[in-house]
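Asker: Have a look at this one.
The values are calculated or read from the model by the stated rules, or taken from the named source; none is laboratory data. Not measured: the values here are computed from a predicted model. Virtual Cβ from ideal backbone geometry, glycine too; neighbours counted across all protein chains shown.
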Amino acid sequence: MILLADSGATKADWIAIDTKGNRIFSTQTKGLSPEAINKEEMIKRLDERFDIYQNKPAVKKIFFYGAGCGTDNMKDIVKNALTESFPNAEEIVVEEDTYGAVYATTPPGTQAIVCILGTGSNCSYYDGELLHQKVLSLGYFLMDDCSGNKLGADLIRAYNFKTLPHELSVKLSQEYNMDIDFIKDNLYKKPNPNAYLATFAKFIIQNKDHEFIRQIIDKQIQTFIDFYIKQYDNCTEIPINFNGSIGFYLKDELERKLSENGMKMGVAIRRPIDGLIDYICTHRLT
């Protein structure tokens, strides 16, 4: 059995296949980002899913693409957790989630700038063979522009500063607990504050046609273009591909802003995991 995983900070999608690419099962766990949790918590989250737990002895290969796996130290945390959880695995590959995004959207031999816009954000250039990343992420606190957690933070700030239009403030308080102590508890005492902030992105997307919300979205997209996509000199010459729920649900807004900057929208997919099956079977199992 072969396990494929695409993990963000909030959740991780898993698919089990055989050597011919036939699906055995698919499931979801909480996110396994080494920037947010330790090895023991990773193992616990894996054991919480019965379909993974009961198939542990049968797993022979694991291909894990995850947020926060951009350095060797972070990769080792995940690999150690997987090694302990799946003692019969003969091969365990851990790479940054950007690689999974590339393999799911961009065929080998094709150039593209590949972006992740989910709970967090990232941007890399794929030259058709190798992945190039000019700036490593500093995580949700200092970077992650245009991500779910940054959009959520902007919304909460607008609510708290009372710049959010009245009708949106009323609607937001009806759908979310906006008590300041509750918010601060989630941000400063509970784990995964980035995932908590990203829950507010749903409100952003549902109300994206409101002028005030559109301004928040446009500002975040332009920041992402300026500081992430424009790192690459050929950004106006090749397509810009997107992975993740924010990229998928805001694809029209992204396409408009890219066009304003002389750039070309490529594909936008919500879940890279489905596209990874073809890549793994064609390039990693032969």
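Asker: At least 3 residues that are surrounded by 13 or more Cβ atoms within 10 Å (Cβ to Cβ) in each: list the helices (runs of 4 or more DSSP H) lying fully within region 34-147 that qualify.
Answerer: Details: elements: 39-47, 50-53, 72-85, 97-105.
Once the helices (runs of 4 or more DSSP H) in region 34-147 are filtered for at least 3 residues that are surrounded by 13 or more Cβ atoms within 10 Å (Cβ to Cβ), what remains is 39-47, 72-85, 97-105.
Asker: Among residues belonging to region 83-97 that are modelled with pLDDT of 95 or more and within 26 Å of Gln133 (Cα to Cα), point out the one that is farthest from the chain's Cα centre (by Cα).
Answerer: Pass one, region 83-97, residues modelled with pLDDT of 95 or more: 83-94.
Keeping just the survivors that are within 26 Å of Gln133 (Cα to Cα) gives 91-94.
Details: Glu91: 24, Ile92: 21, Val93: 18, Val94: 15 Å.
If we take residues in region 83-97 being modelled with pLDDT of 95 or more and within 26 Å of Gln133 (Cα to Cα), then Glu91 is farthest from the chain's Cα centre (by Cα).
Asker: A follow-up question, please. Could you tell me which numbered condition Asp179 fails, if it satisfies all but one of (1) charged (D, E, K, R); (2) loosely packed, with under 14 Cβ neighbours inside 10 Å; (3) closer than 15 Å to Leu117 by Cβ?
Answerer: So Asp179 meets the others, but not (3).
Asker: Could you list, in sequence order, the residues of region 196-237 that are of a type in the set (Val, Ile, Thr) and touching a Gly at 6+ places or on another chain (Cβ under 8 Å)?
Answerer: The first filter runs over region 196-237 and keeps only residues of a type in the set (Val, Ile, Thr), leaving 199, 204-205, 213, 216-217, 221, 223, 225, 229, 236.
Thr199, Ile204, Thr236 - these are the residues of region 196-237 that are of a type in the set (Val, Ile, Thr) and touching a Gly at 6+ places or on another chain (Cβ under 8 Å).
Asker: For Phe63, indicate whether it is in contact (Cβ under 8 Å) with a residue 60 or more places away in the chain and either within 19 Å of Glu84 (Cβ to Cβ) or out of contact with any Lys or Arg (no Cβ under 6 Å at 6 or more places or on another chain) (or both).
Answerer: On the way: in contact (Cβ under 8 Å) with a residue 60 or more places away in the chain: yes; either within 19 Å of Glu84 (Cβ to Cβ) or out of contact with any Lys or Arg (no Cβ under 6 Å at 6 or more places or on another chain) (or both): yes.
Considered against the rule, which asks whether it is in contact (Cβ under 8 Å) with a residue 60 or more places away in the chain and either within 19 Å of Glu84 (Cβ to Cβ) or out of contact with any Lys or Arg (no Cβ under 6 Å at 6 or more places or on another chain) (or both), Phe63 comes out as yes.
Asker: While we're here: Please go through (1) out of contact with any Lys or Arg (no Cβ under 7 Å at 6 or more places or on another chain); (2) under 30 Å from Pro107 (Cα atoms); (3) touching a residue at least 24 places away in the same chain (Cβ under 8 Å) for Ile204 and return the number of the only condition it doesn't satisfy.
Answerer: So Ile204 meets the others, but not (2).
Asker: Are any residues in region 4-37 under 18 Å from Ile77 (Cα atoms) and either at pLDDT 95 or above or among the aliphatic types (A, V, I, L, M) (or both), and if so, which ones? Quick ask: steps written out before the conclusion?
Answerer: Of region 4-37, the ones under 18 Å from Ile77 (Cα atoms) are 4-12, 29-37.
Matches in region 4-37: Leu4, Ala5, Ala9, Ala12, Thr29, Leu32, Ala36, Ile37.
Asker: Among the residues of region 221-264, write down those that are in a loop (DSSP other than H, G, I, E, B) and either within 18 Å of Gln206 (Cα to Cα) or of a type in the set (A, V, I, L, M, F, W, C) (or both). Show your work before the answer.
Answerer: Kept after step one, since they are in a loop (DSSP other than H, G, I, E, B), are these residues of region 221-264: 228, 232-238, 244, 250, 261-263.
Those that are in a loop (DSSP other than H, G, I, E, B) and either within 18 Å of Gln206 (Cα to Cα) or of a type in the set (A, V, I, L, M, F, W, C) (or both): Cys235, Ile238, Gly244, Leu250, Met263.
Asker: Mind checking which pairs have a first residue in region 9-26 that is within 24 Å of Asn38 (Cα to Cα) and a second that is of a type in the set (D, E, K, R) and surrounded by 14 or more Cβ atoms within 10 Å (Cβ to Cβ), Cβ under 6 Å, 6 or more apart or different chains?
Answerer: If the second residue must be of a type in the set (D, E, K, R) and surrounded by 14 or more Cβ atoms within 10 Å (Cβ to Cβ), the pairs left are Asp13/Asp6; Asp13/Arg271.
Asker: Any residue in region 269-286 that is under 15 Å from Ile221 (Cβ atoms) and among the hydrophobic types (A, V, I, L, M, F, W, C)?
Answerer: Narrowing region 269-286 to residues under 15 Å from Ile221 (Cβ atoms): none.
So far as region 269-286 goes, no, none of its residues is under 15 Å from Ile221 (Cβ atoms) and among the hydrophobic types (A, V, I, L, M, F, W, C).
Asker: For region 173-198, what are the residues that are part of a loop (DSSP other than H, G, I, E, B) and among the hydrophobic types (A, V, I, L, M, F, W, C)?
Answerer: Result: Met178, single match.
Asker: Out of curiosity, is Gly100 in contact with a Gly (Cβ under 6 Å, 6 or more places away or on another chain) and either aliphatic (A, V, I, L, M) or at pLDDT below 95 (or both)? Explain how you work it out, then say what you get.
Answerer: Details: in contact with a Gly (Cβ under 6 Å, 6 or more places away or on another chain): no; either aliphatic (A, V, I, L, M) or at pLDDT below 95 (or both): yes.
For Gly100, the condition - in contact with a Gly (Cβ under 6 Å, 6 or more places away or on another chain) and either aliphatic (A, V, I, L, M) or at pLDDT below 95 (or both) - is not met.
Asker: Read through the list (1) in contact with a Cys (Cβ under 6 Å, 6 or more places away or on another chain); (2) closer than 30 Å to Asp144 by Cα, then give the number of the only condition that Leu32 fails.
Answerer: Failed condition: (1).
Asker: Go through region 265-286 residue by residue and tally those that are in contact with a strand residue (DSSP E or B) (Cβ under 7 Å, 6 or more places away or on another chain) and part of a loop (DSSP other than H, G, I, E, B).
Answerer: Quick first cut of region 265-286, residues in contact with a strand residue (DSSP E or B) (Cβ under 7 Å, 6 or more places away or on another chain) only: 265-269, 271-273, 275-277, 280, 284.
Subsequent filtering for residues that are part of a loop (DSSP other than H, G, I, E, B) retains 271-272.
So the answer is 2.
Asker: Read through the list (1) under 18 Å from Gln111 (Cα atoms); (2) of a type in the set (S, T, N, Q); (3) surrounded by 15 or more Cβ atoms within 10 Å (Cβ to Cβ), then give the number of the only condition that Thr236 fails.
Answerer: With (1) under 18 Å from Gln111 (Cα atoms); (2) of a type in the set (S, T, N, Q); (3) surrounded by 15 or more Cβ atoms within 10 Å (Cβ to Cβ) applied to Thr236, the lone miss is (3).
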